[in-house]
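Here's the structure we're looking at; comments come further down.
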Amino acid sequence: MKGLIMKKILIPIVLFFSTSVLNALSLKDSVEKALTNNPDILAERKNQEAYKLYVDEKESKYLPTLDFNAYLERSKVKDKYNDRPHTSGIKDGYNAGLTLRQLIYDGGLTPSEVRQMEHENLANKFRSLNAIENTILETANSYVTLVKFDELINLSYDLIKTNEKNLTIAKEKEQISGEVLETYQVSSKLQFATDKYYEEKNSRKEQLNALKKYVGIDVDGKVCRPIIDEKVFPKDIEATVKEAILKNHQIKEQIEKIKSQREKIAQNNSSFLPKINFELKVSTDNDLELPENGIENEAYARINFDWNLYNGGANKVKTKQEKIFLQEQKKTLDVITEKIVEDIKNQHQKFYNNKKRIEVLKKYIDANANIVEVYKNEFEAGTRTFVDILNAETELYQSIQSLIYREYDLYSNYYGLLYNLSLLTPTLLTQENQNCEVIKPKVYKISPDIKKEEFSDELKELLETNVSEIIGKELKTSDISQYNKKNTTNTTIPNNTVKADIKHKVKYGDTLFSISRKYNITVKNLMFANNLTSNSIKAGETLVIKYFDN
């Protein structure tokens, strides 16, 4: 009984997870479905099947032909003679014959026609494979664009949440100070982020429709970032170019067209040579060739020899024409090869250049996130405005957005390289499949809090430097002395301490501003009581809270 109950429980669970996995769609799944469902690809496959039959058609000329001829006849015949009386009669009968013909030699025409069709079949095959590769390229680009919009939507959503928090803070400040400008500024940025969010949502829906056109199904499950395998093409650009020249479908197609054109010249030259065939015929004639009630049977075997000696020079002109067409095909090959080489070099260069730019953008994001954090601390200390934070957060958002676009440009370069190497479809089909149901999407957090304890070495050194040292680097010596005097006067400890010291353990997310508000003291006194030279504090650190009388 327990076993039966467990089965009833497990079956729905298994079905649930199976359905979840099936709803997820990886790039490999998309390619497989495109190869199975896409009408353009299916049409190209049918075209390949039909084109192969042209070769069979030409090869049939090697085989003998067998013809059956028969006719019925009724005729009235009058014979007039000069030396005897005229006669007349009626012919009423039939004639039937069976003829077998076998080609022996036709000047090389038939073998050349077979080779021509083989080359044309290969040319069509490479054309068709390139068309399929192009459809797979569009499928791959459509898929990664969908993933890109998912990440952009998440980014815009995070920016909306950040600006909603900023709007709350701005309204609190407005209630205290009565200033409404910052509220309007935050509201403006919030509306901009919201508009961007809806724009990206709409673009995602359009991309879903585009992907459905290629894969033939509704995409309602999760998608995920595909794999980039750089091992499939050489890192050296010259080696990549050589590989492309050897493998590219468009180049192979044009080479086959050149070979086909050469066969046309050979076929025209065959017209100068004789043609020989074997003929075997058996026939019977009833009452036609012989008088009434007469039967004539005939059987013969013969070899036919046919040689055209002159046809007005048409063959010579035709040969010259085909040679000119051959030169045209060779020039076309040069144009195609140059275009492929140019594309390969550009895409190869862009691919590795984008990799470098991505690393630079990551550092740019790190710097912007640190700037946001520093601005927050300075805002709490009263040295920065709220607008400074808003602008820094916008810069951070834009830098992350630039990184997303740059990373997906890398995918475009990668697939473009594989396409020109004619390796796109086999590469995507042979790579390990991804389970997008369990792969978490790449999320870029624009909240500067995530960088609170992740300052770069340069920023740490800057934040740990004494304030007077920083000012000393920027001011003249006389100004430094004046500043130090003023600073000494302002930071003298008041004589009358009236409250006992309180200890506060810093929690994650605490700032000097939030702690000073909690204990109703100034940030300046809090820093002075704890000998702090910067606004940077860490979770777990213990601060002393001192109250002073003025």
Beyond 15 Å, what share of the Cα-Cα pairs of segment 79-122 remains, rounded to the nearest whole percent?
-> 73
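So for segment 46-90, what are the equivalent ellipsoid semi-axes in whole Å, largest first, each being the square root of 5 times an eigenvalue of the Cα gyration tensor? Intermediate values should be presented prior to the final figure.
On the way: eigenvalues 629, 30, 14 Å².
They are 56, 12, 8 Å, listed from largest to smallest.
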Hey, could you pull the Cα Rg and Dmax for segment 306-437, both in Å?
-> 29.8, 108
Order of 142-148, 128-134, 337-343, 77-83 by packing, highest average Cβ count within 10 Å first?
-> 142-148, 128-134, 337-343, 77-83
Find out how many positive minus negative residues lie around residue 122, taking Lys and Arg as positive, Asp and Glu as negative, among other residues whose Cβ is under 10 Å from that of residue 122.
-> +1
Stokes-Einstein translational diffusion, segment 60-173 - Kirkwood Rh over all Cα pairs, 0.692 mPa s, 37 °C, in µm²/s | 134
Residue farthest toward the positive end of the dipole of segment 290-431, with Cβ of Lys/Arg at +1 and Asp/Glu at -1: which of 315, 391, 340?
-> 315
Most packed first (mean Cβ within 10 Å per residue), the peptides 226-235, 149-158 order as 149-158, 226-235
Count the lysine pairs in segment 243-343 that are 8 or more places apart or on different chains: how many have C-alpha atoms under 15 angstrom apart?
-> 18
Hey, which lysines would be in cross-link range of residue 91, C-alpha to C-alpha under 16 Å, not counting anything within fewer than 8 residues on its own chain?
-> 76, 78
Kindly rank 94-103, 161-170 from highest to lowest mean number of other beta carbons found within 10 Å of each residue.
-> 161-170, 94-103
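Taking neighbour Cβ counts within 10 Å as the exposure measure, how do 236, 285 sort from fewest upward? Display every interim value, and only then the final one.
Values: 236 10, 285 18.
Exposure proxy ranking, most exposed first: 236, 285.
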Across all Cα atoms of segment 184-239, Rg and the largest Cα-Cα distance (Dmax), in Å, are 19.2, 58
Output for segment 137-257 (equivalent-ellipsoid semi-axes, sqrt of 5λ from the C-alpha gyration tensor, Å, descending) is 49, 19, 12
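Quick note: the coordinates plus some simple rules give every number you see, no bench work behind them. Model, not experiment: these values are computed from the prediction. Every residue, glycine as well, gets a Cβ built from its backbone with ideal geometry; the counts of neighbours run over all protein chains shown.
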